[in-house]
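Step one of this worksheet: look at the structure below.
The values are calculated or read from the model by the stated rules, or taken from the named source; none is laboratory data. This is a predicted model, so every value here is computed, not measured. All Cβ positions, even for glycine, are placed from backbone atoms using ideal geometry, and neighbour counts span all protein chains on display. The accessibility values were calculated without ligands, DNA or RNA, using every heavy atom of the protein model including side chains. Shrake-Rupley method; radii C 1.70, N 1.55, O 1.52, S 1.80 Å.
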Amino acid sequence: MVNFKFNAYTEMLFGKGQISNLPEVLKGYGKNVLLAYGGGSIKRNGIYNTIKELLKDFNIVELDGIEPNPRIETVRRGVELCRENNIDVVLAVGGGSTIDCSKVVAAGVSYEGDTWDLVKEPSKIDKVLPIVTVLTMAATGSEMDQFAVISKMDTNEKLGTSSWNMIPKTSICDPEYLYTLPSIQTAAGTADIMSHVFEEYFSKTTDAFVQDKFAEGLLQTCIKYCPIALKDPENYEARANLMWASSMALNGLCGSGKEGAWSCHPIEHELSAFYDITHGVGLAIVTPRWMRYILSENTVDKFVEYAINVWHMPVKEDKFALANEAIDATEKFFKDCGIPMTLEELNIDETYFDNMAKSAVSHGGLAYAYVPLNEGDVRKILEMCL
């Protein structure tokens with residue numbers, strides 16, 4: 001296990017009715033609040049009105065219309081709103097996209113250059129406005145981590161950035177807020193959670209037993225509860241476990257002490273950058289194809305471990321047969337959850353595969369992944385996704 005820093009200081013207010021604590025949480029930062037949200041679902045489900053009533057003694061400035069793959073133009077708009085209104089704290093209400101956008105907005109207020117610089121060069125992130133979140137989707141884990149992903153569509157770039165200063169101060173997580181999610185968002189969110197775990201579980205580091213046990217438990221949670229939530233959207237137990245899994249998947253529990261770059265996320269980021277697709281859908285398509293592509297004598301034992309400990313498959317003498325059964329089970333799970341499992345279903349062809357492969361390798365550090373990937377490897381994986 002390599003040396004690591006673990007920092008998960010976010011105050012998590014989890015459970016029914018926790019939003020009542022919002023005024024108390026915010027008052028320590030000041031009266032001027034940037035309320036950031038997406039396409040308006042929080043107005044349809046009543047969360048917006050609840051927040052406005054709770055914060056009637058605060059000065060609220062709204063940053064609305066944050067995209068599912070948040071754009072740098074929206075980040076810039078948020079930065080200007082903060083500067084013009086002397087914002088004290090950023091309140092992100094939504095899923096990972098809203099929170100990611102809010103993080104970079106909060107980081108951009110004190111930066112004198114173009115905010116896109118902070119995406120390309122995270123080392124430039126310094127002072128960050130305090131960030132508070134009200135989570136409405138279980139997926140990215142952004143409510144408890146230092147990461148953000150922002151898109152620049154005119155150049156087909158979707159890049160991740162990070163800073164310890166961007167970790168939210170408090171996150172309010174009420175599982176009931178997930179009840180009204182469309183089925184595809186529940187499924188795609190679960191695929192995103194599982195992908196975060198996969199990226200850290202399949203690692204060059206082989207002695208991080210504790211982290212792997214965390215990972216296996218989170219994967220089993222997703223496999224158990226996503227189908228329940230899809231069948232019974234107001235099942236509190238299912239929603240609560242998926243929501244907590246989202247936070248635990250990327251707050252450092254599974255990845256600290258592990259080395260190596262991620263594999264599937266850099267590839268999917270290119271699909272989103274060119275076609276603006278739902279992140280979790282892209283990950284669900286890429287992941288089993290990546291698994292099949294990297295399966296070899298060097299990786300088969302880890303896949304056997306995955307088959308036995310996550311899918312509870314019986315031990316077989318033929319390790320490759322068992323590994324393939326686990327990969328097949330992963331793909332079938334995503335498909336049974338209602339996720340499109342080919343790029344063709346999303347009207348994506350191979351037109352930009354070469355561009356995508358080049359960018360994925362250069363931006364994603366794929367030479368340092370669990371199994372190193374070059375441009376030719378990425379293209380072959382994308383071709384397997386058609």
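Structural remarks
- Gyration tensor analysis over the Cα atoms of the chain returns equivalent ellipsoid semi-axes of 34, 23, 19 Å (largest first, whole Å).
- The slack in the chain from LEU54 to GLU317, taken as 0.36 nm per residue of separation less the alpha-carbon distance, amounts to 88.6 nm.
- In the context of the full set of protein chains, the chain has a per residue accessible area of 40 Å² (1.4 Å probe).
- For the residue pairs LYS124/LYS213; LYS16/LYS43; LYS43/LYS124, alpha carbon separations beyond 29 Å are given by LYS124/LYS213; LYS43/LYS124.
- Separation of the SER362 and THR342 label points, Cα + 7 Å toward Cβ, nm: 3.2
- Across LYS5/LYS316; LYS152/LYS302; LYS52/LYS103; LYS224/LYS358; LYS158/LYS380, pairs whose alpha-carbon gap is larger than 30 Å: LYS5/LYS316; LYS152/LYS302; LYS224/LYS358
- Once backbone amide H atoms are built at 1.01 Å from N, GLU157 has LYS152 as its partners under 5 Å, excluding neighbours fewer than 5 places away on the same chain.
- With both residues required to sit in the chain, DSSP beta bridges show an antiparallel share near 20%.
- Total formal charge among the other residues, if their Cβ is under 15 angstrom from that of LEU242, Lys/Arg +1 and Asp/Glu -1: -4
- Normalised by the number of residues in the chain, the average gap of Cα pairs under 8 Å and 6 or more apart makes the relative contact order 16 percent.
- 222 nm mean residue ellipticity, helices alone, for the chain (DSSP H n ≥ 4; -39,500 (n - 2.57); rounded to 500): -15000 deg cm²/dmol
- Taking the square roots of 5 times each eigenvalue of the Cα gyration tensor of the stretch 203-315, largest first, gives ellipsoid semi-axes of 23, 21, 15 Å.
- The stretch 193-256 - Rg over Rh from alpha carbon coordinates, Kirkwood radius: 1.03
- Other residues whose C-beta falls under 11 angstrom from the C-beta of PRO266 contribute a net charge of -2, scoring Lys and Arg +1 and Asp and Glu -1.
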